[in-house]
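The structure appears below as structure tokens.
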Amino acid sequence: MSLDNIAGRLAQTPLAIALTDSGWLFGAVEAVHVMGLTLVLGSIGLVDLHLLGVVECERDTAAFIRRLLPLTWTGFVVAALAGTTLVFANPQGYFDNLFFRGKILLLIVAGLNVAVFHRFVQPRTAVSGAVAPRVSGAVSLALWLTIVSFGRWIGFTI
Amino acid sequence: MASLVGLAGWLAASPLTTAATPLVTARAWIVPALQVVHIVGIAVVVIATALINLRTLGLIDADRPQRQVQAVWFPVLACAIVVLALTGYLLIASEPARALFRTVFWVKLGLIVLALVVTGVQGRLARRADVAPPTARLLAVAAGLLWVGVIFAGRWIAYADAWPGASA
């Protein structure tokens, strides 16, 4: 099944019809998406700045991350659900949009970055002066800021 | 209502706004870039207020003093509000009629003031004891809901109808 095929099917779902018929539903889901993504960006950004040594909220990085993780996951689930819903409003438009494609790609890279961090980098955060946590923080911050920018750019190019 | 219309008209036509308009509309990327900075500012407000309010509710950082949590996050909140006011003003200047002549924009401003006051009062009440009194907890929940309202109202500016007779 091709991507066009999937887009066509998605566009015929009750959700897609509700989104295109309603004058307020899309905007409301967008607002929920903003709430979720700001929670993700705020909490991950904080961890990244901590890894970079910019904010020193806590000495123990692992404990710091554990505190913020529930907020990050809540935000991510909300943003992902709302974001997926938004796609139903214009599946073909999103699939054809370069910034949308780029955003999905970068989200996958961000996921890999998290996996690499937990597997290889986090054990090294206890070592003072370790370079890996700094690199990880910088990469994560750059990725999430680009993801948010691409998201905003979709609105201007779709 | 008449005074609000007057204020909106005055802001839209003020020399500062008309001077900023050509600057922020000079390139197509400037407005979305300002919006990204605005969103980053919102993210800072969201995380700062979430940590302040959740601490009052005892749901996060329960093992550290209220004062310590608030000493970190209230200044961060203040900085974010300044960035948001600046980028918000520049976004208005890019298209003055878009925001100023819509009721939801003024609702948003009202909600921001209310959310800041409730967050501040809640913080003061909570600071007195390590386990916050019920009033502070209630206000912490109210503050959270008010910030949600601010985000909703902000997104709604793009969809709301302008006042009848307004230019755009």
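If you go through the stretch B:100-117 one residue at a time, do you hit one that is at the interface with chain A (Cβ under 10 Å from one of its Cβ atoms) and either in contact with a helix residue (DSSP H, G or I) (Cβ under 9 Å, 6 or more places away or on another chain) or at pLDDT 95 or above (or both)? Full working, then the answer.
Within the stretch B:100-117, the subset at the interface with chain A (Cβ under 10 Å from one of its Cβ atoms) is none.
No, the conditions are met nowhere in the stretch B:100-117.
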- Is the stretch A:141-156 home to any residue that is polar (S, T, N, Q) and within 14 Å of chain B (Cβ to nearest Cβ)? yes
- Message: Taking the criterion of being more than 14 Å from chain A (Cβ to nearest Cβ), more than 24 Å from the chain's Cα centre (by Cα) and either outside any helix (DSSP H, G or I) or among the β-branched types (Val, Ile, Thr) (or both), would at least one residue in the stretch B:148-165 satisfy it?
- Response: yes
- Message: Name the single residue that is farthest from A:GLN122 (Cα to Cα) among those in the stretch A:61-80 being aliphatic (A, V, I, L, M) and over 11 Å from the mean Cα position of the chain (by Cα).
- Response: A:LEU71
- Checking A:VAL47 against (1) buried (at least 19 other Cβ atoms within 10 Å of the Cβ); (2) under 30 Å from A:ARG9 (Cβ atoms); (3) of a type in the set (A, V, I, L, M), which single condition isn't satisfied? (2)
- Task: Specify the residue that is modelled with the lowest pLDDT; the eligible residues are those in the stretch A:98-122 that are of a type in the set (D, E, K, R) and closer than 19 Å to A:ILE44 by Cα.
- Result: A:ARG119
- Message: If I filter the stretch B:103-115 for residues that are surrounded by 16 or more Cβ atoms within 10 Å (Cβ to Cβ) and more than 29 Å from A:PHE26 (Cβ to Cβ), do I get at least one hit?
- Response: no
- Quick one: what pairs do we get from the stretch A:127-156, first residue surrounded by 17 or more Cβ atoms within 10 Å (Cβ to Cβ), second β-branched (Val, Ile, Thr) and not in a helix (DSSP H, G or I), C-beta under 8 Å, 6+ apart or different chains? A:PRO133/A:THR125
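Would you check if A:GLY42 is assigned to a helix (DSSP H, G or I), without any contact (Cβ under 8 Å) to a residue 60 or more places away in the chain and crowded, with 21+ Cβ neighbours inside 10 Å?
Yes, satisfied.
Determine whether B:GLY123 is more than 14 Å from B:THR49 (Cα to Cα) and surrounded by 21 or more Cβ atoms within 10 Å (Cβ to Cβ). So that I can check it myself, show each step before the final result.
On the way: more than 14 Å from B:THR49 (Cα to Cα): no; surrounded by 21 or more Cβ atoms within 10 Å (Cβ to Cβ): yes.
Spelling it out, it is not the case that B:GLY123 is more than 14 Å from B:THR49 (Cα to Cα) and surrounded by 21 or more Cβ atoms within 10 Å (Cβ to Cβ).
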- Task: For A:LEU19, state whether it is more than 12 Å from chain B (Cβ to nearest Cβ), closer than 26 Å to B:ILE151 by Cα, buried (at least 16 other Cβ atoms within 10 Å of the Cβ) and of a type in the set (A, V, I, L, M).
- Result: yes
- Checked the stretch B:126-141 for anything surrounded by fewer than 17 Cβ atoms within 10 Å (Cβ to Cβ) and at pLDDT 95 or above; matches are B:LEU138, B:VAL141
- Evaluate the stretch B:120-142: report whether one residue or more is in contact (Cβ under 8 Å) with a residue 60 or more places away in the chain and within 14 Å of chain A (Cβ to nearest Cβ). no
- Message: Among the residues of the stretch A:55-95, what is the count of those that are of a type in the set (D, E, K, R) and assigned to a helix (DSSP H, G or I)?
- Response: 2
- From the residues in the stretch B:32-56 that are buried (at least 18 other Cβ atoms within 10 Å of the Cβ) and over 18 Å from the mean Cα position of the chain (by Cα), which one is nearest to the other protein chains (Cβ to nearest Cβ)? B:LEU54
- Task: Find the residue count for the stretch A:42-67, including only residues that are within 11 Å of chain B (Cβ to nearest Cβ) and among the basic types (Lys, Arg).
- Result: 2
- Within the stretch B:64-80, is there a residue that is under 18 Å from B:VAL148 (Cα atoms), buried (at least 20 other Cβ atoms within 10 Å of the Cβ) and not charged (D, E, K, R)? yes
- Query: If only one of A:PHE95, A:PHE150 is over 21 Å from A:GLY45 (Cβ atoms) and touching a helix residue (DSSP H, G or I) at 6+ places or on another chain (Cβ under 7 Å), which one is it?
  - Reply: A:PHE95
- Message: Can you find a residue that is touching a Gly at 6+ places or on another chain (Cβ under 6 Å) and under 18 Å from A:LEU141 (Cβ atoms) anywhere in the stretch A:19-38?
- Response: no
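The values are calculated or read from the model by the stated rules, or taken from the named source; none is laboratory data. All values derive from a computational prediction rather than experimental measurement. Cβ sites come from the backbone with ideal geometry, for glycine too, and all protein chains shown count toward neighbours.
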